[in-house]
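**Q** Pasting a structure here, questions to come.
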Amino acid sequence: MTDSSRTAEQIPVRVLGGPTALFDYGGLRFLTDPTFDGPGDYEVPGGRLTKTAPSAAVPGDLGRIDVVLLSHDEHPDNLDDSGRALLADVPLTLTTPGGSRRLGQGAKGLADWQAIELDRPGGGTITVTGVPAIHGPGPREEVEPVTGEVVGFVLTGAGLPTVYVSGDNASLDAVEQIARRFAPIDTAILFAGSPRFAVLFDGEPIVLDSARAAEAAKILRARRVVPVHYDSWAHLTEGRDALVAAFAAAGLADRLDLARPS
């Protein structure tokens, strides 16, 4: 259940390209999956990932960052070399339990439904809850050995809107579990892009495609959806036009906030 004293006021979200977005919430500044390297190739097990466009900002332009919400640390399209270097200057990185062990000092892992309270500068607290995310089609026990552990986040607080950051999630079942506890969501930062690899899961998307992103918005009763993770990488197969079409077909065009990287 969400806090009945929350406000539906929307928070500003600055989209920086790929999975990276910056937002202020309750007096703290949050950054999602930091990726700031220039275009180039990354060798990964079984193949290569290619970044096709630069980020809209460099870390030095962002000012203070209080918390990084890192859905997982094992893939360079969610944490690249520049993003990894940035973590050293951030007081707290929330991520998967396994990721916290790999990253070490400054990182804390959140299991499903595990919560942490953060002090707000003017008093009060923000609660960040780790929520389920599955990085591919099928049950977690079949997906995680292939693509690894991922976590999403829900942010709540007295007098604050409810914010959901999905991370690299492909599961609508996980979205339904989250909705039962937290819907309606005021701002959903949904990772989309329908990334596919012929060698994984028979080419099925390993993160939400556009139609499933629209369905997730319905399930969450989301008042606003800010999509990320749909551009800047060659393996992302559905971009802005597909998202616009899918949300229009679902009758949710007015919920879609396609703030361009800025």
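FYI, it's all coordinate maths here, none of it is from the lab. Model, not experiment: these values are computed from the prediction. FYI the Cβ positions are ideal-geometry reconstructions off the backbone, even for glycines, and counts take in every protein chain you see.
**Q** Once both labels are modelled 7 Å past Cα along the beta-carbon direction, what's the ALA57-ASP89 spacing in nm?
**A** The modelled label-to-label distance comes out at 1.2 nm.
**Q** Antiparallel as a % of all DSSP beta bridges within segment 13-253, to the nearest 5?
**A** On the way: 29 of 46 bridges.
In segment 13-253, approximately 65 percent of DSSP beta bridges are antiparallel ones.
**Q** Further, regarding this structure: According to the square roots a ≥ b ≥ c of the eigenvalues of the Cα gyration tensor, what is the shape class of segment 13-253, taking rounded for a/c under 1.5, prolate for a/b larger than b/c otherwise, and oblate for the remainder? Present the calculation step by step, with values, prior to reporting the outcome.
**A** Working: a/c = 1.37, a/b = 1.11, b/c = 1.23.
Rounded, since a/c falls under 1.5.
**Q** While we're looking at this one, here's another question. Would you mind computing, in nm to one decimal, how far apart the modelled labels at LYS218 and ASP254 are, each placed 7 Å from Cα along Cα→Cβ?
**A** 1.8
**Q** Once the piece of chain linking TRP113 and ARG48 is laid out straight, how much longer is it, given 0.36 nm per residue of separation minus the C-alpha distance between them? Provide the component values of the computation, followed by the final result.
**A** Values: separation 65, 0.36 × 65 = 23.40 nm, distance 3.34 nm.
So the chain would gain 20.1 nm between TRP113 and ARG48.
**Q** Which value in Å is the Kirkwood Rh of segment 59-185 over different Cα pairs?
**A** Details: mean 1/r = 0.0655 Å⁻¹.
One over the average 1/r among Cα pairs gives 15.3 Å for segment 59-185.
**Q** Take SER232, SER166 and order them by how many other Cβ atoms sit within 10 Å, fewest up front.
**A** Working: SER232 25, SER166 33.
Final ranking by Cβ density, sparse to dense: SER232, SER166.
**Q** For the pair ASP41 and ARG64, what calculated FRET efficiency results from E = 1/(1 + (r/R0)^6), where r is the Cβ-Cβ distance and R0 = 30 Å, to the nearest 0.05?
**A** 0.40
**Q** Determine, for HIS75, HIS229, HIS135, HIS235, the number of other Cβ atoms within 10 Å of each Cβ, and report the residues in order from fewest to most. Before the final figure, lay out each step's value.
**A** Values: HIS75 22, HIS229 30, HIS135 27, HIS235 16.
Final ranking by Cβ density, sparse to dense: HIS235, HIS75, HIS135, HIS229.
**Q** In addition: Grab the DSSP H runs of the chain that are 4 residues or longer, score each as -39,500 (n - 2.57), total them, divide by all residues and round the 222 nm result to the nearest 500 deg cm²/dmol. Write down the numbers at each step before the final one.
**A** Values: 6 runs with 54 residues, N = 262.
That calculation yields -6000 deg cm²/dmol at 222 nm.
**Q** Taking the Cα centre of the chain as origin, sum charge times position over the Cβ atoms of Lys and Arg (+1) and Asp and Glu (-1), and report the length of that vector in debye to the nearest 20. List each step's numbers first, then the result.
**A** Working: 23 positive and 35 negative charges, 142 e Å.
Dipole of the chain, to the nearest 20 debye: 680 debye.
**Q** In debye, nearest 20: dipole of segment 3-153 around its Cα centre with unit charges on the Cβ of K, R (+) and D, E (-)?
**A** On the way: 12 positive and 22 negative charges, 59 e Å.
Roughly 280 debye, rounded to the nearest 20.
**Q** Taking the Cα centroid of segment 41-81 and of segment 136-150, what is the distance between the two, rounded to the nearest whole Å?
**A** When both Cα centres are located, 21 Å separates them.
**Q** Separate question: GLU144 versus ASP173, label points 7 Å from Cα toward the beta carbon: distance in nm?
**A** 1.4
**Q** A follow-up question, please. Restricting to bridges with both residues inside segment 114-262, how much of the DSSP beta-bridge set is antiparallel, in percent to the nearest 5?
**A** 60
**Q** May I ask you to list the residues of segment 134-161 whose amide nitrogen lies under 18 Å from a point 7 Å from Cα along the Cα→beta-carbon direction of THR237?
**A** 135-138, 147
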